[in-house]
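Chemist: Got a structure here, written out as structure tokens. Questions coming.
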Amino acid sequence: MSRMPLGRKVNLPPGRDPSVLFPIRRRPCPVPVHGYDLWRCYELSWLNLRGRPEAGILELAYPVTSQSIVESKSLKLYLGGLAGERFGSAPELEGVLRHDLANLLTPGWIEVRIIGPRAFSDMMPVERLDGTCLDDLDLAMGDLAGPDPALLSIGQNRQEETLHTELLRTLCPITGQPDWASVVIGYRGAAMDHGGLLRYLCSYRNHPGFAEEVCERIYCDIMTRCAPERLLVTCFYTRRGGIDITPHRRTDPVGPEGVERKRLVRQ
């Protein structure tokens with residue numbers, strides 16, 4: 001962690017430099033899990049073969065089977081170094097990105113897509129969250145010192161529903177800066193207590209954790225405490241430093257064709 005670029009002053013590389021990419025080892029998940037992490041990088045630029053600047057938005061997705069995640073500031077530094085590099089086309093640059101990230105994000109598939117300026121509005125519309133919003137529940141929250149799975153409970157009735165909240169806040173474990181997210185939870189099984197679920201999600205308010213770790217912990221706690229037959233947890237983290245991250249965890253297997261590219265208004 002002491003070698004991580006995040007939280008330190010680091011010079012922008014003068015050109016393409018895959019060595020600046022920094023892996024963070026994934027922690028083992030105590031329950032079976034499938035899913036992926038979707039990154040959007042809004043500050044991507046390069047030169048065409050005649051030296052004219054090009055711009056785009058990079059979408060990067062890779063599965064939970066990868067041994068590591070990529071540290072956000074190191075990816076930002078790497079992308080910043082591409083601003084003076086020449087490429088014949090966006091697909092050529094996509095191939096270079098896929099190649100440079102392959103060693104870091106193995107094993108598993110890597111999805112790389114560059115969206116050009118003319119396609120921004122059509123390919124990246126702002127969408128709404130699915131399901132029932134928990135945020136109108138009038139609750140006394142109590143202690144928000146840290147994540148408390150004991151707040152989760154179930155009833156005797158069976159239910160299949162989708163729930164969401166806009167109230168998740170966590171802290172960067174390196175800088176201490178706040179990260180904000182919208183959370184969607186879909187499940188089938190014993191009915192979850194809505195108030196307890198919202199209290200549980202709000203109990204992350206001062207918890208230090210990377211976006212991917214937080215999403216996986218929410219998934220694991222719900223699986224352990226509530227034992228649903230089917231579960232999906234998606235955390236739509238807001239944009240910070242020109243990058244937003246959307247981790248997705250689920251009970252069902254998912255491949256690159258199953259990546260949901262929904263983008264919310266805060267992303």
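Chemist: Does I222 satisfy the condition of being over 18 Å from the mean Cα position of the chain (by Cα) and closer than 24 Å to S66 by Cβ? Talk me through it step by step, then tell me what you get.
Modeler: Working: over 18 Å from the mean Cα position of the chain (by Cα): yes; closer than 24 Å to S66 by Cβ: yes.
In short, yes.
Chemist: Starting from the range 18-37, keep only residues that are among the small types (G, A, S), then list their pairs with residues that are surrounded by 19 or more Cβ atoms within 10 Å (Cβ to Cβ) whose Cβ atoms are within a distance under 6 Å, requiring at least 6 positions of separation or different chains.
Modeler: Taking only residues 6 or more apart or on different chains, the pairs are G35/V64; G35/H248; G35/R249; G35/R250.
Chemist: Filter the range 218-267 down to residues that are part of a helix (DSSP H, G or I) and β-branched (V, I, T) and give me whichever is surrounded by the fewest Cβ atoms within 10 Å (Cβ to Cβ).
Modeler: The first filter runs over the range 218-267 and keeps only residues part of a helix (DSSP H, G or I), leaving 218-226, 256-258.
From what is left, the residues that are β-branched (V, I, T) are 218, 222, 224.
On the way: I218: 26, I222: 24, T224: 12.
Filtering first and then ranking leaves T224.
Chemist: OK, next. Name the single residue, out of those in the range 151-177 being free of Cβ contacts under 8 Å to residues at least 40 places away in the same chain and in contact with a helix residue (DSSP H, G or I) (Cβ under 9 Å, 6 or more places away or on another chain), that is nearest to T224 (Cα to Cα).
Modeler: L163
Chemist: Considering only residues of the range 108-122 that are touching a residue at least 60 places away in the same chain (Cβ under 8 Å) and not in a loop (DSSP other than H, G, I, E, B), which is nearest to L201 (Cα to Cα)?
Modeler: Initially, the range 108-122 is screened for residues touching a residue at least 60 places away in the same chain (Cβ under 8 Å), giving 109, 111, 114, 116-117, 120.
Filter again for not in a loop (DSSP other than H, G, I, E, B), leaving 111, 114, 117, 120.
On the way: E111: 30, I114: 33, P117: 36, F120: 32 Å.
Among those residues, the one meeting the criterion is E111.
Read the figures in this text as sums done on the coordinates, not as results from a lab. Since the model is a prediction, treat every value here as computed from it, not as a measurement. Cβ: placed from backbone, ideal geometry, glycine included. Neighbour counts: every protein chain shown.
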